[in-house]
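Asks: Have a look at this one.
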Amino acid sequence: MKIRRAAWTAVCAAALVSGCTSPHRSTDDATLKDGVRSWPVSHRQAMPALQGDGADGRPVRLDAFKGKVVVLNAWASWCGPCRVESPGLARTQKALGRQGLQIIGLNGGDPASTALSFIRGHHLDYPTLIDARGKQALRIPRGTVSQVGLPYTVFLDRKGRIAASASGGVTEQQIRTIVTPLLADR
């Protein structure tokens, strides 16, 4: 497990150093408040179409959720803050799913079986994309989040554009504060 954790951290650090993703074109236009970076509508960048196998073996495609507000949460089973924030993510999905919210997990560093065990143990009722080698995480535009550590969360508007992001754990209240105006915007 330590090797996977080290490998995931190395991949994420390499992404930051090498700049292998395009920079978020409007990083300078973002506002930062309480650890959450947000972009005005006019400066939102499209999120790349992340895709791959889900923890349950079914394919997960981020672009399949256009028209919904998406909360992409990167996590791993060995991550303490990920364990703390997961109940709030599950409650938020349950409470706001019918209003157009879709939480998607992005698991980095766990085999699918370990991720699935975590998902079941924490009653997470949303899809999780397995990203064991960090290739999907590398596609997130540079400057959107710090990918050096987990967790991190990217919030997408209904058009699939990056509206906000948070590096580190997020609370249920933070999630609701960010997604409420996005859900209201049709």
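The values are calculated or read from the model by the stated rules, or taken from the named source; none is laboratory data. Keep in mind it's a predicted model, so treat the numbers as computed, not measured. Heads up, the Cβs are rebuilt from the backbone with ideal geometry, glycines too, and the neighbour counts pull from every protein chain shown. Side chains are part of the model used for accessible areas, which takes the heavy atoms of the whole protein and leaves out ligands, DNA and RNA. Shrake-Rupley method; radii C 1.70, N 1.55, O 1.52, S 1.80 Å.
Asks: Roughly how many whole Å is it from the C-alpha centroid of segment 69-84 to that of segment 143-186?
Replies: Taking the Cα centre of each part, segment 69-84 and segment 143-186 sit 12 Å apart.
Asks: With bins 5 Å wide starting at 0, give me the P(r) of segment 47-143 over every alpha carbon pair, in whole percents.
Replies: With a bin width of 5 Å, the distribution comes to 2, 14, 26, 26, 21, 9, 1.
Asks: While we're here: Among the aspartates and glutamates, which fall within straight-line cross-link reach of K159, defined as a Cα-Cα distance under 15 Å, with same-chain neighbours fewer than 8 residues apart omitted?
Replies: Those aspartates and glutamates meeting the cut-off are D63, D185.
Asks: Let me have the relative contact order for segment 100-186, percent, based on Cα pairs under 8 Å that are six or more residues apart.
Replies: Reported relative contact order: 23 percent.
Asks: Using the reciprocal of the averaged 1/r over all distinct C-alpha pairs, how large is the Kirkwood radius of segment 112-179 in Å?
Replies: Over segment 112-179, the inverse of the mean reciprocal pair distance is 13.6 Å.
Asks: Please give the contour-minus-distance gain from R120 to T31: 0.36 nm per residue of separation, less the Cα-Cα distance, rounded to one decimal in nm.
Replies: The span from R120 to T31 would gain 28.4 nm if fully extended.
Asks: Can you pull the accessible area of R37 for me, 1.4 Å probe, Å² to the nearest 10?
Replies: Its heavy atoms expose roughly 70 Å² to the probe.
Asks: How high is the FRET efficiency between K94 and H43 when r is their beta carbon distance and R₀ equals 41 Å, given to the nearest 0.05?
Replies: For K94 and H43, the calculated efficiency is 0.80.
Asks: Using θ = phi - 60° and the Karplus form 6.51 cos²θ - 1.76 cosθ + 1.60, what ³J(HN,Hα) does each residue of segment 63-78 get, whole Hz, x for Gly and Pro?
Replies: Coupling constants for segment 63-78: 5, 5, 9, 4, x, 10, 7, 10, 10, 9, 10, 8, 8, 8, 5, 7 Hz.
Asks: Leaving out ligands, DNA and RNA, and with a 1.4 Å probe, what % of the accessible surface on segment 123-186 is carbon or sulfur?
Replies: 51
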